[in-house]
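First up is the structure itself, then whatever we jot down about it.
The values are calculated or read from the model by the stated rules, or taken from the named source; none is laboratory data. Remember, it's a predicted structure, so these values are computed and weren't measured experimentally. Counting neighbours? That spans all protein chains shown, and the Cβs are built from the backbone with ideal geometry, glycine included. All accessible areas refer to the heavy atoms of the entire protein, side chains included, with ligands and DNA or RNA removed. Shrake-Rupley method; radii C 1.70, N 1.55, O 1.52, S 1.80 Å.
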Amino acid sequence: MNVALFFTYDVSLSEWDRLKIIDREMKFYTDITRDDSDISFTLVTYGNQDDLKYENKYKNIRIIPLYSLKKRPDNKYIRLIDSLFLPFRIKKYLNDVDILKTNQLLGSWVPIVLKRILNKPLIIRTGYDLFSFSLRQKKNLFKLLFYYLLTQLAIITSSVYLVSSREDMNFLKKYFYWNNNNKLQIRQNWISAEENSNFLDREKKSILTVGRLEKQKNLYNLITKFKNTDFSLDIVGEGSLRDSLVLHSNQSNVETNFLGIIDHNKLLNLYQHYKYFILNSTYEGHPKALIEAMSRGCIVIVNKSSNVQEIISNNVNGILFDSKNENPIDIIRNLNENNQIALKISNEASRFAFENYSIDKLISIEITGYKSLLEN
């Protein structure tokens, strides 16, 4: 069985490598081929010949970089229009494919067209709902209309439509037409099992957060909460707001360490240096960093939003707080004075993460899903 995995529009393996997430993103598929030797993958990327070098690193993985077949248009609008014709350019390379899959809506028009051409089943999975996020981000009307129509097209044409949260499922059922309700399923993110360090030996006054330095992550508000305290904030990630956040930290006299992009394996180890992980986002999908921090035994302190409340049981496997009215530093001070309670929450966070999001469990579900599609 060969599964063609279509990358997010304009994303390549080289870009994954630059962002230091390539090993994490590839692990799921290399572990599938290890567990079931009858399954192989064809990765259709938006890279050039440089992406082909990764074939030597990953077994049972074939790579088709779209811009190794043609020149990549420099103009972003021409590139978008050009992508509509890519299915016809690459169809001859995919005759041996059994299933088409993509993990994002952006670029999904390529496998959607190929589904019609090749008459193959199509799996579409979204880690977050593009249309609902765009509403929250107050995108312009043209983009909102485009994302709405793209979502509706993906729902109608897909064989299976996977979302990462119950909140996304309810949203899609409410605002979109479904030609088959059974195709909508929840498929969560995964984490890998690792041994954790002793919680009580960890740093208790340096707090970790991980995410893009963008408005959604609400980092300006978070930095403000550290003002006039003896706590420091360590931020992993890059983004357009970095300079303004550095300035705000300096003006607020808050010790903020901007750690940039960190290799994923090193990030997994980094979690174990911290007792506390804060996620202050105004909204989220199904955040990988959150469940990874939980799996590594961090006490996660999370701004309330509907999606994260599917993951966090307050004061059981994490802490929920209202960022507008509460300061997480007060919560941390209280936990630092109650080691027994803190350790209990840490242990429950780790247990919950592995019980619900282990890579082995989700690989088994993934393989079963492939086989079921081909049997029907």
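Among Thr102, Leu135, Ser40, whose Cα lies farthest out toward the positive end of the dipole of region 1-153, if unit charges sit on the beta carbon of Lys, Arg (+1) and Asp, Glu (-1)?
Comparing the listed Cα positions along the dipole, Leu135 ranks first.
Can you work out the PRE-style zone for Ile261? Point 7 Å along Cα to Cβ, and I want the residues of region 9-30 with backbone N under 14 Å.
From region 9-30, the list is 11-25.
How much accessible surface does Arg212 have with a 1.4 Å probe, in Å² rounded to 10?
120 Å²
Tell me, how many Å apart are the Cα centres for region 24-95 and for region 120-171?
Answer, in whole Å: 22.
Residues of region 180-327: accessible area per residue at 1.4 Å, in Å²?
Using a 1.4 Å probe on heavy atoms only, each residue of region 180-327 averages 43 Å².
Which lysines does Lys57 reach when only Cα atoms under 27 Å apart count, and residues fewer than 8 places away in its own chain are ignored?
Lys20, Lys27, Lys70, Lys71, Lys91, Lys92, Lys101, Lys266, Lys288, Lys361, Lys371
What does the convex hull of the Cα atoms of region 216-312 come to per residue, in Å³, rounded to a whole number?
Output value, Cα hull per residue: 98 Å³.
What is the angle, in °, between the Cα long axis of helix 141-157 and the longest principal axis of the Cα atoms in the chain? Nearest 10 is fine, range 0 to 90.
So the helix axis and the longest Cα principal axis differ by about 60 degrees.
Can you pull the percent of the chain's accessible area that's carbon plus sulfur, 1.4 Å probe, other chains left in place?
Ligands and nucleic acids excluded, carbon and sulfur reach 48 percent.
Using the Cα gyration tensor of region 176-243, with a ≥ b ≥ c the square roots of its eigenvalues, what is the shape: rounded (a/c below 1.5), prolate (a/b larger than b/c) or oblate (neither)?
The shape class here is oblate.
Take the Cβ-Cβ distance between Asn334 and Leu106 as r, set R0 to 35 Å, and report the resulting FRET efficiency rounded to the nearest 0.05.
Using R0 = 35 Å, I get an efficiency of 0.25.
Which order do the peptides 59-72, 140-153 come out in when sorted by mean C-beta neighbours inside 10 angstrom, highest first?
59-72, 140-153
What distance in nm separates the two pseudo spin-label positions at Glu203 and Glu375, each 7 Å out from Cα along the beta-carbon direction?
So the label points at Glu203 and Glu375 sit 5.0 nm apart.
What is the antiparallel percent of DSSP beta bridges lying wholly in region 144-290, to the nearest 5?
If we restrict to bridges inside region 144-290, about 5 percent are antiparallel.
Take every Cα pair under 8 Å in the chain that's 6+ residues apart, average their separations, divide by the length, and report that relative contact order as a whole percent.
Across the chain, relative contact order equals 14 percent.
For every helix of n ≥ 4 consecutive DSSP H residues, a contribution of -39,500 (n - 2.57) applies; sum these over the chain, divide by its total residues, and give [θ] at 222 nm rounded to the nearest 500 deg cm²/dmol.
Rounded to the nearest 500, the figure is -12500 deg cm²/dmol.
Please work out the FRET efficiency for the pair Asn356 and Phe88, using the Cβ-Cβ distance as r and a Förster radius of 35 Å; give the result to the nearest 0.05.
FRET efficiency, Asn356 to Phe88: 0.25.
By how many degrees, 0 to 90 and rounded to 10, does the Cα axis of helix 22-35 deviate from the longest principal axis of the chain?
Orientation of helix 22-35: about 60 degrees from the principal axis.
Work through the residues other than Glu310 whose Cβ is under 9 Å from its Cβ and net out their charges, Lys, Arg +1 and Asp, Glu -1.
Value of the local net charge: 0.
In Å², what does the accessible area per residue of region 1-90 work out to with a 1.4 Å probe?
That works out to 50 Å² for each residue.
Please give, to one decimal in nm, the separation of the simple spin-label points placed at Asp230 and Ile186, each 7 Å out from Cα toward the Cβ.
4.3 nm
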